[in-house]
Amino acid sequence: MIPELGQLALLLALAAALIQGTLPLVGAARNRADWMALARPAAQVQCVLVAFAFACLASAFVRNDFSVLYVAEHSNTSLPLAYRIAGVWGGHEGSLLLWLLMLCGWMLALARFSRSIPAPVVARILAVMGLIGAGFLLFMLVTSNPFERIVPVPPNGNDLNPLLQDPGMVVHPPMLYMGYVGFSVAFAFAIAALLGGDLSAQWARWMRPWTTAAWCFLTLGIMLGSLWAYYVLGWGGWWFWDPVENASFMPWLAGTALIHSLAVTDKRGAFKSWTVLLAIVAFSLSLLGTFIVRSGVLSSVHAFATDPKRGVFILSFLVIVIGGSLLLYAWRAPKVGLGARFEMVSRESMLLVNNVLFVVAMLSVLLGTLYPLLLDALDLGKISVGPPYFDTVFLPLMAPVLFLLGIGPLARWKQAELPALAKRLRWAAGVAVLATLAAALVAGRITLGAAFGVLMSVWIVASIATDLAHRLRPIGPAPVSLWTRIQTLPRPLLGMMLAHVGVAVFAFGVSMVRTYEVERDVKMQTGDTTEVAGYVFTLRGLRNVKGPNYDAVQAVVDVRRNGTPVALMHPEKRTYRVQGTALTDAAIDRDIARDLYVSLGEPVEGGAWIVRIYVKPFVDWIWGGCLLMALGGALAASDRRYRAKQASEATSPITATLATGASA
Amino acid sequence: MRRLLVALWICLLAAHAGANEAAPASADPALEARVMRIAAELRCLVCQNQTLADSHAGLALDLREQMRVMLREGADDDQVRRFMTDRYGDFVLYRPPLKATTLALWFGPLALLVGGLAVLFVVLRRRNRLGTEHFEPEEIDTTNEGLTT
Amino acid sequence: MKRWHLVVPLVLFVLLAAFLWRGLRLDPREVPSPLVDKPAPAFSLTRLDDASRTVRRDDMLGKVWLLNVWASWCEACRTEHPTLVSFAKSGTVPIVGLNYKDTRTEGLGWLARFGDPYAMSLFDEKGRVGIDFGVYGVPETFVIDKQGVVRFKLIGPLTPELIATKIQPLLKSLGDA
């Protein structure tokens with residue numbers, strides 16, 4: 001009964017979405033206030049219905065209703081509750097419902113927090129989002145119905161893939177989808193602007209917090225995915241340039257270009273049509289990602305079970321949405337005002353160089369990801385494009401980005417003088433060089449990559465410190481306290497600094513781990529020890545452990561440094577009972593300066609086990625840096641300037657919920 | 001004195017007897033490192049989304065063993081790779097070979113970068129040559145950020 | 001600024017969509033064989049049923065033949081086996097089996113239970129010959145001509161349809177050569 005209600009809800013939601021997607025659009029074109037006013041309530045109705053459908057599916061999982069095919073495929077009575085709920089998005093059909101739920105979240109937030117935006121614009125934006133929702137609902141109802149029944153009802157389900165039975169499964173997809181779907185808001189803004197012909201600076205200002213918020217979620221989503229892969233896959237890798245990973249990274253690269261381009265458009269009114277194009281591209285890449293993951297066109301560990309009918313549907317959807325929006329762009333990207341003037345050397349031009357670099361990086365990732373398909377389609381053979389290619393191509397592209405990061409924020413708008421800049425940054429450059437030499441000394445050896453990593457990260461932080469010192473310097477006859485001065489700094493500025501520090505932290509972590517990571521594979525019996533990078537690992541014993549739905553062999557590993565105990569680690573080799581699959585559960589001891597990573601390999605004769613030991617310096621800085629980036633973005637998006645209303649309204653201060661949106 | 005030293009030596013040995021140094025997982029760690037280094041850039045054909053170094057598939061184990069044998073007999077990295085491509089094609093290489101068909105792949109990014117920067121330069125210069133009447137008036141931002149540095 | 005540059009993104013997207021459309025019909029997991037139109041790798045293996053008799057690649061010169069890679073532990077081989085058995089009965093072409101990474105007892109037992117379509121089966125215990133033939137998944141079937149050159153490789157189970165559309169026409173053209 002409940003699954004059928006869920007299906008009905010989806011059908012009704014489709015109707016609401018279609019109404020939301022058509023009447024307000026016509027209303028905005030014809031200036032009919034009553035039709036435009038339909039947008040918000042239609043969105044709300046759609047959201048309630050989708051949320052209800054989601055709740056129906058979730059309840060089927062929680063109640064172990066195996067008469068629903070999707071539940072039977074992805075769940076089991078022995079599956080812990082948290083993973084039964086996360087299992088809702090463990091497969092193709094349910095993940096689409098999650099996508100829709102996120103879309104509804106953003107629609108509701110937009111409906112709620114858009115009082116300062118004129119009615120026709122809001123109507124158009126919600127209409128565009130409604131049409132996207134309608135497309136996904138149609139896709140679900142026609143090819144991917146999660147509420148399909150199975151007869152006869154199996155006694156138990158297939159269980160969720162053991163790799164997915166992890167807290168990562170609870171947070172990573174929702175965060176990621178919040179990001180993907182969040183770019184639909186920027187997309188909708190762009191389409192609304194093209195349709196209405198309104199590309200004033202106001203438009204960029206409205207769009208900025210939404211775009212930044214979406215970018216924050218995507219940053220967190222990608223970070224969580226990488227972190228999860230790191231601790232679950234057993235060999236400490238954290239990025240594989242897998243097609244599905246690239247599918248999430250490309251919108252991020254386009255999104256980063258977009259938030260920087262929006263800065264130019266917002267501040268100076270310049271490059272509006274470029275910003276519009278980027279907004280279309282960012283969301284198009286999100287949709288392309290959806291296609292890649294579900295169509296079977298590229299082979300990936302992440303790909304859902306494929307079905308050519310689904311591939312055709314999504315591709316058609318892509319052609320309509322992306323093709324349509326690019327057609328609209330070609331037709332309507334008007335020769336609107338060029339905005340304000342700026343010199344060849346200025347903050348604007350540096351931001352545009354940033355844009356070129358990020359867009360080229362995104363195109364390079366796209367090229368590498370799709371090239372095998374390209375050659376195969378042209379009957380030119382079958383090749384593979386993997387990490388060696390991407391590392392060779394991507395890292396050099398990011399080098400100038402890191403360097404510019406230290407200069408751009410200090411450059412003046414409109415006109416920057418290079419000699420003055422160089423003078424201001426002398427100290428920062430000097431500190432960076434010294435730090436690199438110090439690192440080389442402390443570590444004993446250094447590679448080009450590590451040197452560059454240290455140089456750039458310290459350069460960025462020192463540049464930010466220079467900027468901060470200048471802004472916080474006491475001025476005037478009656479100097480105020482430092483804290484007061486800090487508080488006068490605008491949030492977008494602090495957010496930017498924090499996010500850029502995050503980039504520096506990230507770059508440092510990556511270069512340290514890649515250069516100084518140590519790995520040791522040994523055969524260990526109980527009592528054996530081995531020394532890795534100054535840490536002494538001793539296998540104290542092995543025991544059998546029973547988990548809720550798995551059996552495991554657990555090793556107890558004692559770690560000491562200079563005689564003092566550091567950690568007691570428990571790597572496991574699990575066998576999940578339902579599917580019979582084996583999984584390595586690595587033991588990780590985290591510290592700000594390094595991770596100790598121990599995983600069990602295979603048992604060998606004599607009761608010994610192969611044990612893999614890694615010492616990874618500063619690896620947590622990779623995810624720490626991403627977190628700082630996201631926090632910086634959230635800080636910037638929460639600026640009261642965006643919440644400033646037109647003269648009249650004195651609505652209650654909208655808090656940082658604007659930035660975090662309808663959180664996952 | 002001599003007896004004391006001998007006794008001390010025996011004590012040290014005894015103390016060490018309980019703590020055995022674990023043997024490396026492979027018989028020849030240096031060779032193994034070479035095998036893994038080459039295998040890390042090869043694709044497992046069974047799993048297809050793992051490198052030959054990381055995969056536990058039967059074929060991966062066989063191929064790594066084959067590589068060990070070849071390296072021990074003095075083959076160099078290129079010969080090992082050619083062995084693989086002779087049997088499995090270029091698909092097995094994660095680093096695509098530079099061929100006529102992959103020129104666009106390897107030089108594309110550089111071409112895009114040079115092209116992109118060139119276009120930006122030209123656009124900016126052309127923009128700057130326009131008279132003031134083409135531009136919108138300065139928008140003075142009255143909130144904190146402003147036009148200052 | 002001229003307007004034509006605004007069409008560039010659209011044009012690029014249309015090209016991309018065309019490739020993705022084509023891609024829906026392709027299988028990204030299928031690995032084509034670099035051995036096609038090259039001489040079959042040399043091998044020297046003992047027969048599955050008789051360890052004292054050795055068969056070499058060159059023993060097969062002068063006739064067109066099929067090499068079918070199979071194993072007793074392989075599920076898909078079970079699926080294609082009836083097709084193979086009936087094809088062998090038609091006597092069109094000799095089928096030589098390559099028993100891949102198996103044991104003699106299990107291999108022979110499997111043939112006894114499910115039928116033996118092979119003129120003979122060769123015992124590739126370690127899978128070394130399989131590697132030389134670029135085998136990565138069982139079952140696989142090769143068509144080798146009178147000069148010992150590999151003409152065709154099929155990955156996956158044989159079906160009557162595949163025999164009719166791919167194998168028969170090829171055999172016809174090779175038989176006349």
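Each value in this text was obtained by applying a stated rule to the coordinates, not by laboratory testing. These numbers come from a predicted model, not from an experiment. Neighbour counts are summed over all protein chains in view; Cβ atoms, including those assigned to glycine, are modelled from backbone coordinates with ideal geometry.
With +1 on each Lys and Arg Cβ and -1 on each Asp and Glu Cβ, and nothing else charged, work out how big the dipole of chain C is about its Cα centre, in Debye to the nearest 20.
Numbers: 23 positive and 19 negative charges, 139 e Å.
For this selection, approximately 660 debye.
How far apart, in nm, are two points set 7 Å out from the Cα along the Cα-to-Cβ line at A:Glu605 and at B:Ala40?
3.2
Of the options A:Trp623, A:Gly236, A:Gly324, report the single residue whose Cα projects farthest towards the positive end of the charge dipole of the protein assembly as shown (beta-carbon charges: Lys, Arg +1; Asp, Glu -1).
A:Gly324
Using only DSSP helix segments of four residues or longer, with each worth -39500 (n - 2.57), what per-residue ellipticity at 222 nm results for chain A after dividing by its residue count and rounding to 500?
Details: 23 runs with 407 residues, N = 664.
After summing the helix terms and dividing by the residues of chain A, the value is -20500 deg cm²/dmol.
With just the Cα atoms defining each centre, how far is the range A:596-636 from the range A:158-188? Give it in Å.
Measuring centre to centre over Cα atoms gives 21 Å.
Provide the percentage of antiparallel DSSP beta bridges, counting only those with both residues in the protein assembly as shown; round to the nearest 5.
Numbers: 69 of 81 bridges.
Percentage antiparallel, nearest 5: 85.
Which ordering of C:Lys146, C:Lys172 is given by a fewest-first count of other beta-carbon atoms within 10 Å? Intermediate results must be reported in sequence, preceding the final value.
Working: C:Lys146 14, C:Lys172 10.
With the sparsest Cβ surroundings first, the list reads C:Lys172, C:Lys146.
Specify the inter-centroid distance of the range A:450-476 and the range A:523-577, based on alpha-carbon positions, in whole Å.
What the calculation gives is 43 Å, centre to centre.
Picking from A:Val151, A:Cys104, A:Met1, whose Cα lies most toward the positive end of the charge dipole for the range A:1-165 (charges on Cβ: Lys, Arg +1; Asp, Glu -1)?
Toward the positive end, the furthest listed residue is A:Cys104.
Among A:Leu421, A:Pro477, A:Ile460, which residue has its Cα positioned farthest towards the positive end of the charge dipole of the range A:401-492, with +1 placed on the Cβ of Lys and Arg, -1 on the Cβ of Asp and Glu, and the dipole taken about the Cα centre?
A:Pro477
Among the aspartates and glutamates, select those whose C-alpha is under 19 Å from the C-alpha of A:Lys616, and discard any that sit fewer than 8 residues away in the same chain.
By straight Cα distance, A:Lys616 reaches A:Glu517, A:Glu519, A:Asp521, A:Glu531, A:Asp558, A:Asp585, A:Asp589, A:Asp591, A:Asp595, B:Asp54.
Using a 4.7 Å cut-off between beta carbons, which cysteines in chain A end up with no partner cysteine at all?
Among the cysteines of chain A, those whose Cβ sits 4.7 Å or more from every other are A:Cys56, A:Cys216, A:Cys626.
Report the full-extension gain for the segment C:Arg29 to C:Ala164: residue separation times 0.36 nm, less the Cα-Cα distance, to one decimal in nm. Please report the intermediate quantities before stating the final value.
On the way: separation 135, 0.36 × 135 = 48.60 nm, distance 2.41 nm.
Length gained, C:Arg29 through C:Ala164: 46.2 nm.
Within a 10 angstrom radius of the beta carbon, how do B:Cys44, A:Cys216 rank from fewest other beta carbons to most? Write down the numbers at each step before the final one.
Values: B:Cys44 21, A:Cys216 30.
In increasing order of surrounding Cβ atoms, one gets B:Cys44, A:Cys216.
Which entries of B:Lys99/C:Lys172; A:Lys546/C:Lys101; A:Lys272/A:Lys414; C:Lys101/C:Lys153 show an alpha-carbon separation above 27 angstrom in the structure shown?
Details: B:Lys99/C:Lys172 36 Å; A:Lys546/C:Lys101 35 Å; A:Lys272/A:Lys414 16 Å; C:Lys101/C:Lys153 20 Å.
From the list (B:Lys99/C:Lys172; A:Lys546/C:Lys101; A:Lys272/A:Lys414; C:Lys101/C:Lys153), the Cα-Cα distance tops 27 Å for B:Lys99/C:Lys172; A:Lys546/C:Lys101.
Using a Gaussian network model of chain C with C-alpha springs under 10 Å, which one of C:Leu67, C:Leu84, C:Leu111 is most mobile by mean-square fluctuation?
For chain C, modelled as a Gaussian network with Cα springs under 10 Å, the answer is C:Leu111.
Placing unit charges on C-beta atoms (Lys and Arg positive, Asp and Glu negative, everything else neutral), compute the dipole magnitude of the protein assembly as shown about its Cα centre in debye, rounded to 20. All intermediate terms of the calculation are to be shown ahead of the outcome.
Details: 91 positive and 75 negative charges, 557 e Å.
Computed about the Cα centre, the dipole is about 2680 debye.
Starting from the Cα gyration tensor of chain A, take the square roots of the eigenvalues, sort them a ≥ b ≥ c, and report rounded, prolate or oblate (rounded when a/c is under 1.5, otherwise prolate if a/b is larger than b/c, else oblate).
Cα axes put chain A in the oblate bin.
Given the C-alpha centroids of the range C:1-80 and the range A:39-104, what is the distance between them in whole angstrom?
If you average the Cα positions of each part, the centres end up 40 Å apart.
Taking neighbour counts of Cβ atoms within 10 Å as a proxy for exposure, in what order, fewest first, do A:His92, A:His570 appear? Walk me through the numbers on the way to the answer.
Numbers: A:His92 21, A:His570 15.
Ranking A:His92, A:His570 by Cβ neighbours within 10 Å, fewest first, gives A:His570, A:His92.
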